[in-house]
Number of protein chains: 2
Amino acid sequence: MARRRVTMADVARSAGVSQTTASFVLSGRTDKRISTAASERVREAARMLGYRPNVTARSLRTKSTQTIGLVSDTITTTPYAGDLIRGALEAARAREHLLVITETGGDRAAESGLVNGLLDRQADAVIYATMYTRYVTLPQELYGRRVVLLNCLAPGFDAPSVIPDEIEAGRAAARLLLTAGHTGGIWAIGGHQAVPATPDGIFAGNERMRGLQEALRAGRAGLEGVIECEWGAEDGYREVRGLLEDGHTPRALVCATDRVSFGAYQALAEAGLSVPDEVSVVSFDDQDFAAWLHPALSTLALPHYELGRLAVELILDQERLDATVHRVPMPPRVRGSIGPPPD
Amino acid sequence: MARRRVTMADVARSAGVSQTTASFVLSGRTDKRISTAASERVREAARMLGYRPNVTARSLRTKSTQTIGLVSDTITTTPYAGDLIRGALEAARAREHLLVITETGGDRAAESGLVNGLLDRQADAVIYATMYTRYVTLPQELYGRRVVLLNCLAPGFDAPSVIPDEIEAGRAAARLLLTAGHTGGIWAIGGHQAVPATPDGIFAGNERMRGLQEALRAGRAGLEGVIECEWGAEDGYREVRGLLEDGHTPRALVCATDRVSFGAYQALAEAGLSVPDEVSVVSFDDQDFAAWLHPALSTLALPHYELGRLAVELILDQERLDATVHRVPMPPRVRGSIGPPPD
DNA sequence: CTGAAAGCGCTAACAT
DNA sequence: ATGTTAGCGCTTTCAG
C-alpha cells in the first residue's frame, strides 16, 4: 500500500525515452513533433504504471495552478446558497480548474489571512463573494489580482461584479399582481429594510422597491403602504398581524423574502384570511419551503446557481475582466399564492 | 502593480545571510541555532519586502501541503449542511490547514476525477462525506490514504467514521414524550423510510426507530403505528391527512424529519387539531424553519457543525486514525410542540 | 524528431 | 552559528 508515487521520470525510463519526450506527449503538446511510436510507448507506460502528474511540481514551473479561490463572508453557511457553490464548482470542473472555498465568517481580520492562504498557494484568481448584495471594500492583498465580485459591488475596483437583477425582479412582482387584476390594497412587507441597523435600506430592498413602484405606476396602480422591518419569519408574522389588527384590509402582500412570507401566511391564517382568495402574496428568494406552503408561494428566485457559474466563467475569460456589473435575471416561480382581488 | 513576488532568496540577500539561515528563521525552527542578530535582520527584511512563502514550492520539498480535501456527494447543496462545512473550515483554519471542498453531485464517475484532482495537488488527507448517513464503498484511489468518513460507513475500510448518534436521538425523542405523560396514541411518521426505493429502510431511520422503540418499551409505552414513507413535506402532509381521514386519533407524532413535521402541521391545522394541546409533535433535524413554526417545533438537532469539526480533528490526529465509529450526540431543541396528552 | 541541462522556490543533509 | 550543495517533479530553452 501507499507505495511511492510514480513520477514522470519513471514513465520515461519505462518507455525508453527522455523525460522531455514524456513531458511533451503527456501534456499533449504538438508544437514539438514526437513520433507516433514513441508517443504510444509513453502513453502505454503511463497507463501501466498508473502515472498521475504532480500538479504542485508542475505549477512551480508554470506559475499556473489551475486553481480558483472563493472567499466568502458566510455564504457556505446560508441555507439557500448551496446552489451558488454548486454552480461555481461545476463551472470550474468543466474548465478543469479546482475551486477552493473558504469562509471568513464575516470576520474582517480573518479575511486577510484567508486571502493570503489562497495566494500563498498560488491561486490563479479569486472570487470574492458575499451572502447578500452589498458594497464592499476589498482587502489590500487583492489589488492587482485577477478578481471577480460575486453578489457585491466595489466601486473603483477594476473587476466585474455578478449580482441578481433585483430591479427587474421588482418589476416582475408588480406585473404578476397587475396581471391578476390588482390595482389597490397592495402592501410591501419588509420594504427597503430601512431599520435602525440599516437606515438607508439595503441594496436588494432599494432595487426591488424601485422596480416594484416603477412598474406599479406604469400599470396605474400603487402601493397602499410600505412596512419597513427586518426580513425574518418572525418579522413577517408580527408586521402582518399588526397590519390586520390596525384594521387594514390588504388585498395583496409583496413580501421581501420567503421568510417574511412564511410569517405572513401564519398571521393571515390566524386571522382566518385565505390565500389567495382574500389576499394574494408574492415574494422573493425561492427557498425550499416556498413550494411546501399551502398554497405554494409565488416568488422571484434568487439565481444562485447561475450567479456561481457566471462568476467562474468570467474569471476564466481574460476578455471579460473589465468593471462591468452583470445582472442575472431572477426567474419567476409562479405557484398558487396569487389570485384576482376579491370583489 | 503585480510586481514579481519576493522570494526567500531576496530576503536572504537583503538581510545579508544565506538562504538557509533565512529558511530557518522564517520557518521558526530552533534545532539549528541562529544568532538573534541575524534572526532579527531576516525577520525585518521579510517584513520590509512583504515576503510571503510560496507554499507550492515548499510542499514540493516537504511532501506536505497542509491541505485537506473534502469530497462529498451533494453536501454543499443541501440546505441544512452549511454548518458542517463551517465546522470543518474553522477546525482546519485553527490548525493552519486549508480545506478544499469538492462535490460530485452524486455522480460516481465524477468522483474518481475529483479525488484524483485532490491527490494530484498533493492533498495530505481526504474527508469523504455524504449528505445522509449510509454505507459507501470508497473509490480505489483512496485506498492506503489518510481518510476520514463523514456521515457514512465503509465496513472493511480502515478509517474512522463520524456520524450522528441516531439511536440515542430516537431514545431522546421517546423520553420527551414519556416525560410529558404520553403512553399511547403515538405514531411514527416516516418510520424507517422502508419505501420501494429503499425497502430495508435507511440507516438513520433504522437507528432512530430502534432507539425510539427501545425507550418507549422501557417506559411501558409503545407505538400505535408506523407509517413508512419518504421524508419530504408533501409526504408528511399526505400521510397525516390520510391517518386522520382513516378515523385515527393520534396523541403524538414522531416525525422522521422537520420537513415531515412541516407537512404534518398543515394536515393537523386543516383538521382543526391544535399542537400541542391535542397532538404533540417531536421531530429530527432542526432546520431553520423548525423555530419559525407555530408552535415552534421540538426536535433533535443534526450536529452538523460538530460533525465537520470532529472529522477534521480526527484526520489531523495520527493517533486516532483507526476504524472507530464516532457517534456525535444530537442535542434536543425543546420548544413548544410537546404537551401533555389530552384527557 | 529527440535529449541534456537548467531552473521554478524552497528545505535539509552535510560541511565548516 | 552559518553556508554549500543537492534535489523535490516538472517544463522548457537550446543543441543535436
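Read-outs throughout are calculated quantities, based only on the coordinates presented, and are distinct from any laboratory measurement. Note that the structure is a prediction, hence the values are computed from the model and not measured. In this analysis, Cβ positions are derived from the backbone assuming ideal geometry, glycine residues included, and neighbour counts consider all displayed protein chains.
Overview of values
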read-out	value
Computed label-point distance, nm, for sites B:ARG29 and A:SER27 using a 7 Å Cα→Cβ extension	3.0 nm
Loop sites in segment B:90-191: GluC sites (Glu not before Pro), DSSP, at most 14 other Cβ within 10 Å	B:GLU96
Restricting segment B:213-258 to GluC sites (Glu not before Pro) in coil, as DSSP defines it, with at most 16 other Cβ within 10 Å	B:GLU224
Length gained when the stretch B:TYR143-B:ARG335 is fully extended (0.36 nm per residue, less Cα-Cα span)	64.6 nm
Peptide B:77-84 - average C-beta neighbours from other chains (10 Å radius)	6
Cα-Cα P(r), segment A:210-249, percent of pairs per 10 Å interval	25, 39, 34, 2
Contour minus Cα-Cα distance for B:MET48 and B:GLU96 (0.36 nm per residue)	14.9 nm
Amide H contacts of A:VAL195 (H built 1.01 Å from N, under 5 Å, at least 5 apart or other chain)	A:GLY201
Local electrostatic count at A:ALA94 - Lys and Arg +1, Asp and Glu -1, tallied over other residues with Cβ under 10 Å	0
Note, ³J(HN,Hα) from phi for segment B:253-269, Karplus 6.51, -1.76, 1.60, rounded to Hz, x at Gly and Pro	10, 9, 8, 5, 9, 5, 5, 4, 4, 3, x, 4, 4, 5, 5, 5, 4
Label geometry 7 Å along the beta-carbon vector: A:THR20 inter-copy distances in nm	3.3
Exposure proxy ranking, count of Cβ atoms within 10 Å, fewest first, for B:HIS182, B:HIS326, B:HIS304	B:HIS326, B:HIS182, B:HIS304
Shielding by partners - mean other protein chain Cβ count within 10 Å, residues of B:116-125	4
Beta bridge orientation in chain B: antiparallel %, DSSP, nearest 5	5 percent
Under-5 Å amide H pairs with A:VAL100, H placed in peptide plane, nonlocal only	A:ILE68, A:GLY69, A:LEU70
Label distances, nm, B:VAL325 versus same residue in remaining copies, Cβ-directed 7 Å point	5.4
Paramagnetic label zone (point 7 Å from Cα along Cα-to-C-beta, A:ALA291; backbone N under 17 Å) in segment A:298-315	A:298-306
Nm distances between copies for A:GLY225, ranked from closest, using label points 7 Å along Cα→Cβ	4.6
Rg to Rh quotient for the protein assembly as shown, alpha carbon positions, Kirkwood Rh	1.03
Convex hull per residue volume in Å³, alpha carbons only, for segment B:270-343	111 Å³
Sites matching trypsin sites (Lys or Arg not before Pro) across segment A:30-65 that sit in DSSP coil, with at most 11 neighbouring C-beta atoms within 10 Å	A:LYS32, A:ARG33, A:LYS63
Estimated vicinal HN-Hα couplings, Hz - segment A:184-201 in sequence order (Karplus 6.51, -1.76, 1.60; Gly, Pro = x)	x, x, 9, 10, 9, 9, x, x, 7, 6, 7, 10, x, 5, 9, x, 8, x
Inter-site label distance for A:ARG108 and A:THR249 at 7 Å from Cα along Cβ, in nm	5.1 nm
Surrounding net charge for A:TYR237, when Lys and Arg each add one and Asp and Glu each subtract one, Cβ distance under 13 Å	-3
Spacing of the two label points (7 Å from each Cα toward its C-beta) at B:ALA269 and B:THR20, in nm	7.5 nm
For A:ARG335, residues with placed amide H under 5 Å, excluding near neighbours	A:SER298, A:THR299
Phi-based couplings in Hz for segment B:41-51 (Karplus 6.51, -1.76, 1.60; Gly and Pro marked x)	4, 5, 4, 4, 4, 4, 5, 4, 7, x, 5
